[in-house]
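Trainee: Dumping the structure here so I can ask a few things about it.
The values are calculated or read from the model by the stated rules, or taken from the named source; none is laboratory data. Note that the structure is predicted; figures quoted are calculated from it, not measured. FYI the Cβ positions are ideal-geometry reconstructions off the backbone, even for glycines, and counts take in every protein chain you see. Surface accessibility is based on the protein's heavy atoms, side chains included, excluding ligands, DNA and RNA. Shrake-Rupley method; radii C 1.70, N 1.55, O 1.52, S 1.80 Å.
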Amino acid sequence: MALETLPVLDFSRLSAGPEEAAGFRADLRDAMHEVGFLYLSGHGVPQELTDAILEVSRRFFELPEEQKLALENTHSPQFRGYTRMGGELTAGEVDWREQIDVGAERESVPRGTGVADYWRLEGPNLWPEALPEMREVVTEWMERLSEISMELLRALAVSLGAPENAFDAAFGDKAFPVLKIVRYPGESDPDPKQGVGQHRDGGVITLLLVEPGKGGLQVEHDGAWIDAPQVPGAFVVNIGEMLELATNGYLKATLHRVISPLRGTDRISVPFFYNPALDATMPQLAVSPEFQEKARGLSVDPNNSPILETYGDNALRYRLRAHPNVVAAQHPDLLAG
């Protein structure tokens, strides 16, 4: 029977006693094995914070063009800051969106002999001077979603027969979360146009917030595309390639894409990507035999690129592929590679 919508899980079950918690873990494992995507309700993020992140996102995109371009990612060796309309590629095709990328606020790592190229991604963010409150709201949002993401990873580990702390060392105090605040202007008229091309996320786990009443996200399942519109009070959650790698394909990183809204409308989307430290390798989970025998091996990337074991290598490869203009401006020595 064809799947018509994503599974819905209530995160509050995880703290509602042993029986409910065990049921949640089993449902989480099964959803991420069979679909790779779900809706997560009951997550406890205050509505005021959700309203604040959407409101400051909308205000950012309303800034004059010159103020946004002052933060353009070509100024950032870390690929942070503003990406102008049409300034990113997925699967070699132009994505019709504008966005600002934010990561963990840290000092840059000096380049040098023996320093891995992926350390170029560590460093500061670019913030709009005209919206000083944006930094505070975004920082709180990323902290709350990091906590939820870690709890989901621990639940998945237990559900697979692995120790609850199996992923802790890979994240530690150097986890590498990334937040994108995205605006899709309407381009479909009515034939669908690409907002973001089909891809799998390259990290570990993604929590997506979409403006109320908006759609456009589509998830591939058994050769068909399932619409995944916004559900009030819920995140869309999916796993990335590094979690597929950790389970030899038992958990599934799923292809997805975004269709541009209709002309005359737009859509704000806030995906949060929870990732390990840049120099971390994901542990190969010693999962129970009943799950090991159902592991499918690794997915074939649309670009036929193997999943790399060290997270930073994966992350840098995605940036190089998606933002050739930043590479040309900040990393010309990597062009030959």
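Trainee: Just the residues that are over 17 Å from Ala329 (Cα atoms) and either among the aromatic types (Phe, Trp, Tyr) or at pLDDT below 95 (or both), please, taken from segment 66-85. If you could, list the steps in order and put the result at the bottom.
Mentor: Residues of segment 66-85 that are over 17 Å from Ala329 (Cα atoms), as a first pass: 66-68, 85.
Correct list: Met85 only.
Trainee: Take the residues of segment 112-133 that are touching a residue at least 60 places away in the same chain (Cβ under 8 Å) and open to solvent by less than 50 Å² (accessible area, probe 1.4 Å): which is farthest from Ile181 (Cα to Cα)?
Mentor: Only one residue fits best here, namely Ala116.
This table checks each residue for (1) within 27 Å of Leu3 (Cβ to Cβ); (2) of a type outside the set (Val, Ile, Thr); (3) open to solvent by 60 Å² or more (accessible area, probe 1.4 Å); (4) in a helix (DSSP H, G or I).
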position: Met32; (1), (2), (3), (4): yes, yes, no, yes
position: Leu38; (1), (2), (3), (4): yes, yes, no, no
position: Leu54; (1), (2), (3), (4): no, yes, no, yes
position: Arg59; (1), (2), (3), (4): no, yes, yes, yes
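Trainee: Please go through segment 268-286 and pick out each residue that is among the polar types (S, T, N, Q) and under 11 Å from the mean Cα position of the chain (by Cα). Break it down into steps so the answer makes sense when it comes.
Mentor: First pass over segment 268-286, keeping only residues among the polar types (S, T, N, Q): 269, 275, 281, 284.
Correct list: Asn275 only.
Trainee: Return the pair list, or none, for Cβ contacts closer than 7 Å from residues in segment 48-76 that are within 26 Å of Arg144 (Cβ to Cβ) to residues that are assigned to a loop (DSSP other than H, G, I, E, B) and not hydrophobic (A, V, I, L, M, F, W, C), at least 6 apart or on different chains.
Mentor: Qualifying pairs under 7 Å: Leu54/Glu211; Phe60/Pro128; Leu63/Pro128; Leu71/Pro128; Asn73/Arg80; Asn73/His323.
Let's see how each residue does on (1) more than 18 Å from Gly197 (Cα to Cα); (2) surrounded by fewer than 22 Cβ atoms within 10 Å (Cβ to Cβ):
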{"residue": "Phe235", "(1), (2)": "yes, no"}
{"residue": "Thr247", "(1), (2)": "yes, no"}
{"residue": "Tyr250", "(1), (2)": "yes, yes"}
{"residue": "Val258", "(1), (2)": "no, no"}
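Trainee: Has segment 180-200 got any residue that is touching a helix residue (DSSP H, G or I) at 6+ places or on another chain (Cβ under 7 Å), closer than 18 Å to Val270 by Cα and either modelled with pLDDT under 95 or not β-branched (Val, Ile, Thr) (or both)? First the steps, then the outcome.
Mentor: First, pick out the residues of segment 180-200 that are touching a helix residue (DSSP H, G or I) at 6+ places or on another chain (Cβ under 7 Å): 181, 183, 200.
Now narrow it down to the ones that are closer than 18 Å to Val270 by Cα: 181, 183, 200.
From the residues that got through so far, the ones that are either modelled with pLDDT under 95 or not β-branched (Val, Ile, Thr) (or both) too are 183, 200.
Looking through segment 180-200, at least one residue is touching a helix residue (DSSP H, G or I) at 6+ places or on another chain (Cβ under 7 Å), closer than 18 Å to Val270 by Cα and either modelled with pLDDT under 95 or not β-branched (Val, Ile, Thr) (or both).
Trainee: Just the residues that are open to solvent by 50 Å² or more (accessible area, probe 1.4 Å) and in contact (Cβ under 8 Å) with a residue 12 or more places away in the chain, please, taken from segment 13-29.
Mentor: Arg13, Arg25, Asp27
Trainee: With the structure loaded, tell me whether Pro177 is in contact with a Ser or Thr (Cβ under 7 Å, 6 or more places away or on another chain), farther than 18 Å from Asp27 by Cβ and either touching a residue at least 60 places away in the same chain (Cβ under 8 Å) or polar (S, T, N, Q) (or both) or whether it fails that test. Lay out the reasoning, then the answer.
Mentor: Working: in contact with a Ser or Thr (Cβ under 7 Å, 6 or more places away or on another chain): yes; farther than 18 Å from Asp27 by Cβ: yes; either touching a residue at least 60 places away in the same chain (Cβ under 8 Å) or polar (S, T, N, Q) (or both): yes.
Yes.
Trainee: State the number of residues belonging to segment 6-55 that are among the hydroxyl-bearing types (Ser, Thr, Tyr) and under 20 Å from the mean Cα position of the chain (by Cα). Talk me through it step by step, then tell me what you get.
Mentor: Of all residues in segment 6-55, those among the hydroxyl-bearing types (Ser, Thr, Tyr) come to 12, 15, 39, 41, 50.
Still in the running and under 20 Å from the mean Cα position of the chain (by Cα): 39, 41, 50.
Number of matching residues: 3.
Trainee: Turning to a different aspect of this structure: Return the pairs, sorted by first residue and then second, in which the second residue is among the basic types (Lys, Arg), the first residue lies in segment 89-110 and is closer than 18 Å to His331 by Cβ, the beta carbons are less than 8 Å apart, and the residues are 6+ apart or on different chains.
Mentor: Leu89/Arg321; Asp101/Arg80; Asp101/Lys180; Gly103/Arg80; Val109/Arg120
Trainee: Find the helices (runs of 4 or more DSSP H) located wholly in segment 279-337 whose residues include 1 or more that are at pLDDT 80 or above and open to solvent by 60 Å² or more (accessible area, probe 1.4 Å), and list them. Before you say what the answer is, go through the steps one by one.
Mentor: On the way: elements: 289-292, 311-322, 324-330.
In segment 279-337, 311-322, 324-330 are the helices (runs of 4 or more DSSP H) which contain 1 or more residues that are at pLDDT 80 or above and open to solvent by 60 Å² or more (accessible area, probe 1.4 Å).
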